[in-house]
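Structure first, commentary second.
Please treat every number below as a calculation from the coordinates, not as lab data. This structure is a prediction, so every number in the text was calculated from the model and none was measured. Here the Cβ is made from the backbone with ideal geometry for all residues, glycine too, and neighbour counts use every protein chain on show.
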Amino acid sequence: MIEEQHIVKVGMAELGMVQNQGLIRTTGLGSCVGLTLHDPQLKLGGMVHVMLPSSEIAREGALNLAKYADTGVPALYEKLIQAGASAKRLVAKMAGGSQMFSFAGTGDTMRIGPRNVESCKASLEELGIPLIAEDTGGNYGRTIELDCETGILFIRSIQKGIKEL
Amino acid sequence: MDLFKDFADFKMDVLKEVGNIGAGNAATALSRLLDKPIDMAVPKVQMLPFEAIADRVGGAENIVIAVFFRVEGEAPGNLFFILTPEAGKNLLSRLAAIDTEQGSEFSEMEWSALSEIGNILAGSYLSSLADFTKLSMSPTVPALAMDMAGAILSYGLLQFGQMGDDALLIDTTFIEGQEEVEGQFFLIPDPDSFDKIFAALGVPVSHD
């Protein structure tokens, strides 16, 4: 990866988009899921860093769409379509959704990682976007980076090093 | 729900005092364990965007050891004891007389000792808070992880995620000697717990 490349950083509960020779990155995914959509022809890529599975539990005033899997994935999709992406060409990849801590008593919050993953998949299915690669689960954190030129998703973790999807 | 937008200064002061008492007690416990003086910084109480929370421990990708407790009882929340791997090794060699191996690997024995140290410190932190507020607060069994700070701390923010993009945390740093940081406590009370803490301490609660 070349340092001079344009890098867009996506924070927790945010989404972003980049085109051509750019990278889009989010750091320190634990139970959160980083989902990317890519249009290979336009070399257009987007990423959302979702934190919670469903917006139904939201108690906030103005809903931050990017925070929830059920609203964040459609919001990212809309953004890419508006930028000219073709719904037929879009492909998805995702990573994260781990269980950072394991306890004897596992409540619903403990399973938040797997639930984020399930909810992202349900959203993709509804939009008809194929999920072509994923690196989810486990009990460790990940930093991910999408190369919009190639569509390769780089995944870095302290336990497993760097992986390419 | 902009519950925290209008957090008055005096409420912040009350929370600072809460952090002071909890961490002061934990510092005393650590100081006894190590048989040397441990200072602590004045606790910081801040409403921070999620992104900024990991910056408190060196950034989202910085590798830290975390002992995590879910606080159960009348004022639930999340409590983290965060150490750098070096501080963890340092603590083990002096405290448990464990000859730590070089590098960033931890043996099962070391891991277990760290978990117990975390347990003692968290227990003293919470029991002083419980005494002070007369609210029941008890930690779950400790859970340990060594990973990216962002991945670890985000876990403590989930309850806040439902209501906004900021979380309020009480953070205290332990200092040994001149500037060596031994560890940091992060108390992230659940959003609903603040009113209970304030009520218990006689602070008038109103949302208008």
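Brief remarks follow.
- For region A:1-74, a crude dipole built from +1 on the beta carbon of Lys and Arg and -1 on the beta carbon of Asp and Glu, taken about the Cα centre, is about 40 debye to the nearest 20.
- Shielding of B:140-147 by partner chains, average beta-carbon count, 10 Å: 5
- Taking amide hydrogens as placed 1.01 Å from N in the peptide plane, the amide H of B:Phe106 sits under 5 Å from that of no residue at least 5 positions away in sequence or on another chain.
- For the protein assembly as shown, the 222 nm mean residue ellipticity estimated from helices alone, with every DSSP H stretch of n ≥ 4 adding -39500 (n - 2.57) and the total spread over all residues, rounds to -9500 deg cm²/dmol.
- Over chain A, relative contact order from alpha-carbon pairs under 8 Å, at least 6 apart, %: 27 percent
- Build a GNM of chain B with springs between Cα atoms under 10 Å apart, and of B:Ser138, B:Ser124, B:Ser154 the one that fluctuates most is B:Ser154.
- Intensity falloff of the protein assembly as shown expressed as log10 I(q)/I(0), Debye formula with alpha-carbon point scatterers, at q = 0.08, 0.09, 0.10 Å⁻¹: -0.42, -0.53, -0.65
- For chain B, the longest site-free run once trypsin sites (Lys or Arg not before Pro) in DSSP loop states with at most 13 other Cβ atoms within 10 Å are removed: B:6-133
- Nearest 10 degrees, 0 to 90: helix A:112-127 Cα axis against chain A principal axis: 40 degrees
- Two numbers describe the Cα atoms of chain A: Rg and Dmax, which are 15.0, 48 Å.
- Residue among B:Phe80, B:Ser31, B:Gly183 farthest towards the positive dipole end of chain B, charges placed on Cβ: B:Ser31
- Rounded tilt (10° steps) of B:9-34 against the dominant C-alpha axis of chain B: 20 degrees
- Charge dipole (Cα centre; +1 on Lys/Arg Cβ, -1 on Asp/Glu Cβ; no other charges) of region B:13-170 amounts to roughly 440 debye.
- Toward the positive end of the charge dipole of chain A, with +1 on the Cβ of Lys and Arg and -1 on the Cβ of Asp and Glu, the farthest Cα among A:Leu80, A:Gly137, A:Val33 is that of A:Gly137.
- Pairs beyond 31 Å (Cα-Cα), from A:Lys9/A:Lys163; A:Lys121/B:Lys196; A:Lys67/A:Lys88; A:Lys43/A:Lys160: A:Lys121/B:Lys196
- Total lysine pairs under 26 Å (Cα atoms) in region B:10-159, excluding pairs fewer than 8 apart on one chain: 8
- Using alpha-carbon coordinates, inclination of helix B:85-95 to the longest axis of chain B, degrees: 70 degrees
- For region B:31-103, the relative contact order works out to 21 percent when only alpha carbon pairs closer than 8 Å and six or more residues apart are counted.
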